[in-house]
Amino acid sequence: LGPIGDQQVQVIRAKPGSLNLGGSSGLDEVVRKSLSGKLTAGEALDEVIALEQPPSARRRLLSVPAWGVAAAAITVLIGGRGFDAVLALLTGFVVGGVMWWVGRNPRAARVLAPVVAFLGAFAAVAFAHVLFAAFGWETAPVRATVASLLLLIPAFSLVVAVEELALGHLLAGSSRMFGAVLVIFGVVLGASLGRQVGRSLLGPLPAGAVLPLPVWAFVIAAAIAGAAFSVGLGLRGIAVVVVALAVMLMATLARGMQLAFQGRISDVAAPLLATFVSAFILGLVGAFVARYTTISALVIIVPSSFMLIPGALGFGAFQSLFAQQTQDGVATLITALATIAALVYGLVVATAITPRPFAQYLSVKANIRD
């Protein structure tokens, strides 16, 4: 602000809210109706105010089973077996229950990440002992912990931060990046302490063999994860089905392209190229859906990109750094950041070559004025 020789910078500090796809989708619908003349300004304002109302207790409670189902599906996606999925389901119920309780007590959100991670890691070890004693199942508490806590990792915030940095918004991007990193540190710290306390109190567990699952299990798990993830983010009805199909197709596409690129290019470049191409296709699909349907592009892009975001890699990188395995931690962290960058640039390129979702309404208005 001010003349060039005596300029001042003023920054407005605001705390961003949680990701709410249901609210974002509803807001896009209000914009469409307003631009097409179906809503007056007063009616649109009333609908926006209604979207800002907090969800009912019943809708918040629905996120508890959704969290458990998502954790079980994510376990399969990161290489777990059926027994591990059961362990992740139980652990996810605990984590989802704590998240539901925190939603009723906003002041507790200040210590959300480390406390929830501690309880989740401890619950995974405890449930693993129960399943082994009752059924003889040899499960992997670490994998169940990662799956149940993966939704706590602000992976999408990291994507937005990298996008802001790439577009030159250095202040917003760096602040968002450091905020996300701080949350990840809290999650890793709480999970490490919870796992150590569980082992100390309950004793060690036998390590089960890792058996590869068939392709159909991966595809079904991706669809279930997308549906559960969308329910947890406030979507309902046909949008849940659309998200489940989109996530299933995107996860299958990314895995198929990665396998296709292996052996043809280097092992380092193959997953990066697969992520870039998948994100590019995802951006095109999101833009097409937003332009020709009533579904917001975010409804498609956010859950589907979550399958491409290396949340487990980031979690593992910070765990290695906490264990003073610096070389492995830094290498994994660089891989995770490179994958996020490939995802961001794929979405940016797709956005640059596709029309704006509301362009058809703006052109109609322009013709009317002319």
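In the range 153-271, carbon and sulfur make up what percent of the accessible area (probe 1.4 Å)? Using a 1.4 Å probe with all protein chains present, the range 153-271 comes out at 74 percent carbon and sulfur. Let me know the shape class of the range 160-208, please: from the alpha-carbon gyration tensor, a ≥ b ≥ c as square roots of the eigenvalues, rounded when a/c is under 1.5, otherwise prolate if a/b is greater than b/c, or oblate. Prolate, because a/c is 1.5 or more and a/b exceeds b/c. For the listed peptides 286-294, 128-136, a ranking on the average number of other beta carbons within 10 Å per residue, highest first, reads 286-294, 128-136. Annotation: amide H of L39 within the under-5 Å range of S34, sequence separation 5 or more or interchain, hydrogens built in the peptide plane. Protection proxy ranking for 217-226, 235-244, using the average of other Cβ atoms within 10 Å per residue and placing the highest first: 217-226, 235-244.
Heavy-atom accessible surface of the range 151-272, averaged per residue, reaches 52 Å², computed with a 1.4 Å probe.
Shape class for the range 117-231, computed from the alpha carbon gyration tensor (a ≥ b ≥ c): oblate, with a/c not under 1.5 and a/b at or below b/c.
The values are calculated or read from the model by the stated rules, or taken from the named source; none is laboratory data. For clarity, every value in this text was computed on a predicted model and none was experimentally measured. For neighbour counting, all protein chains shown are included, and Cβ atoms are generated from backbone atoms with ideal geometry for every residue, glycine included. Remember, those area values only see protein heavy atoms, side chains included, never the ligands or the DNA or RNA. Shrake-Rupley method; radii C 1.70, N 1.55, O 1.52, S 1.80 Å.
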